[in-house]
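The values are calculated or read from the model by the stated rules, or taken from the named source; none is laboratory data. These numbers come from a predicted model, not from an experiment. Please note: Cβ atoms are built from the backbone with ideal geometry, for glycine as well, and neighbour counts cover all protein chains shown. Areas reflect the complete protein model, heavy atoms only, side chains present, ligands, DNA and RNA absent. Shrake-Rupley method; radii C 1.70, N 1.55, O 1.52, S 1.80 Å.
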Amino acid sequence: MITGAAQADCALLVVNATSGEFETGFDMGGQTREHTLLIRSLGVSQLVVAINKMDTVNWSQQRFLEIANKLSTFLRQAGFREGDVSFIPCSGLNGVNLVKPVTDIPEFSWYTKTPLITEIENFRPPVRLVQKPLRMCVQDIFKGQGSFSVAGRMEAGDIQNGDKVLVMPCGESAAVKGILIDELPEKIGFAGDYITLQLIGVDIQKVYVGCVLCDPSNPIPVVSRFRARLVIFNIELPLTKGSPVIYHSQSMNEPAHITKLISQLHKNTGEVLKSKPRCLTKNSTAVVEITLARPHCVELYKDFKDLGRFMLRSEGHTIAAGVVIEFCQAKM
């Protein structure tokens, strides 16, 4: 879920209109809330909510508005703007209101807006960081004869056949022998493309999921300790100094510890409410220092937003989202 959401430009949230089913997913502990917080924390700002299985409630406008109103309030609190969210009633099993407007169901005559596919096509294209230095996160590795390939999303820059790249954090150089986009050979790839690169000149043992290919003249920083601004989710136990967590960024996850609680912030203004708090409780915002078990590729949020975001998980639950604001050591 985290790896997929980190690559997304927009999202489609499908909820069940059946009586009791929506409540099960939306109430505390349900995945509707967690998945929505995840995608917003990872930078997704455009969302279409498909309220599915409307046929099970006889196309009830009252049920549609009940679900839409509950979700609207929650989505605003999660950080979505009202103009970036739309709600579409539909039935996937019957194919109703997916591609064409509905004209033959009297009980559904109250809905006069666009079908689901039209809303998806109306998503605004994001701005790509083509002018910035090359950054590509490795999400998969394929072995071949005499060479191997890596697949991942181009976060910034561009790449061509024959280009030299630097594999971080190992610091090994490699050359690009071939490029595939959508399984078709290409000569060049740009930021935003999901791309497969055939590499030569580097040992496959040095490359693993979570590595970053970058411009040799402008490598990505490799650090093990940094300061971050955290938003704490609905956790049961407070976070304290020394709390163990699992750090997730792009396709990489790594054991980590919260080594310092620097300040607690006002949720809306960012004003410092308390310096050196003893613990962080649910729904709070804070600046903390995090130490990873081993050095990894990390960017400042102000320089590369997608590479400066991360999630913290513990015991199978997402407990916080954060952005990197400062390195606490010299960059490697």
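Near Lys53, once Lys and Arg are set to +1 and Asp and Glu to -1 for all other residues with Cβ below 15 Å from its Cβ, the sum equals -4. Measuring nothing but protein heavy atoms, the accessible surface of the chain at 1.4 Å probe radius is 50 percent carbon and sulfur.
Here the contact order of the stretch 105-215, divided by its residue count and restricted to Cα pairs under 8 Å and six or more residues apart, works out to 29 percent. Between the residues Met154, Leu166, Thr118, the greatest Cα displacement towards the positive end of the dipole of the stretch 47-168, with unit charges on the Cβ of Lys, Arg, Asp and Glu, is found for Leu166.
Whole number please: convex hull volume per residue of the Cα set in the stretch 1-120, in Å³? Write down the numbers at each step before the final one.
On the way: hull volume 12.4 nm³, N = 120.
Roughly 103 Å³ of hull volume per residue.
A dipole drawn for the chain from +1 and -1 charges on Cβ atoms has a positive end, and of Thr18, Ala175, Ser109 the residue lying farthest that way is Ala175. Shape summary: the chain maps onto an equivalent ellipsoid whose semi-axes, from the alpha-carbon gyration tensor, are 38, 29, 15 Å in decreasing order.
Report relative contact order for the chain in percent, whole number only (criteria: Cα-Cα under 8 Å, sequence separation at least 6).
So the answer I get is 14 percent.
Loop sites here are GluC sites (Glu not before Pro) outside DSSP states H, G, I, E and B with no more than 10 other Cβ atoms within 10 Å. The longest part of the chain free of them is 1-182.
Computing Rg and the Kirkwood Rh from the Cα coordinates of the stretch 261-317 gives a ratio, Rg/Rh, of 0.99. With viscosity 1.002 mPa s and temperature 20 °C, the Kirkwood radius over alpha carbon pairs of the stretch 196-332 converts through Stokes-Einstein to a diffusion coefficient of 135 µm²/s. Remark: spin-label model distance Arg124-Cys279 equals 4.2 nm, labels positioned 7 Å along the Cα→Cβ axis.
Compute the separation of the alpha-carbon centres of the stretch 212-285 and the stretch 30-60 and state it in Å as a whole number. Using only Cα atoms, the two centres lie 27 Å from each other.
Quick check: from the Cα gyration tensor, does the stretch 109-266 come out rounded (a/c under 1.5), prolate or oblate? It is oblate, given that a/c is not under 1.5 and a/b is not larger than b/c. The residues of the chain present an accessible area of 51 Å² per residue when probed at 1.4 Å with all protein chains retained.
Are there any trypsin sites (Lys or Arg not before Pro) in the stretch 190-241 that are in a DSSP loop and have at most 16 other Cβ atoms within 10 Å? List them by number. Passing both the DSSP loop test and the Cβ count: Lys241. Among His248, His296, His317, which one shows the highest mean-square fluctuation when the chain is modelled as a Gaussian network with alpha-carbon springs under 10 Å? For the chain, modelled as a Gaussian network with Cα springs under 10 Å, the answer is His317.
Of the trypsin sites (Lys or Arg not before Pro) found in the stretch 44-144, those that fall in a DSSP loop while having at most 14 other beta-carbon atoms within 10 Å are Arg81, Lys113. Computed over the chain, the per-residue total of -39500 (n - 2.57) for DSSP H runs of n ≥ 4 gives a 222 nm mean residue ellipticity of -4000 deg cm²/dmol, rounded to 500.
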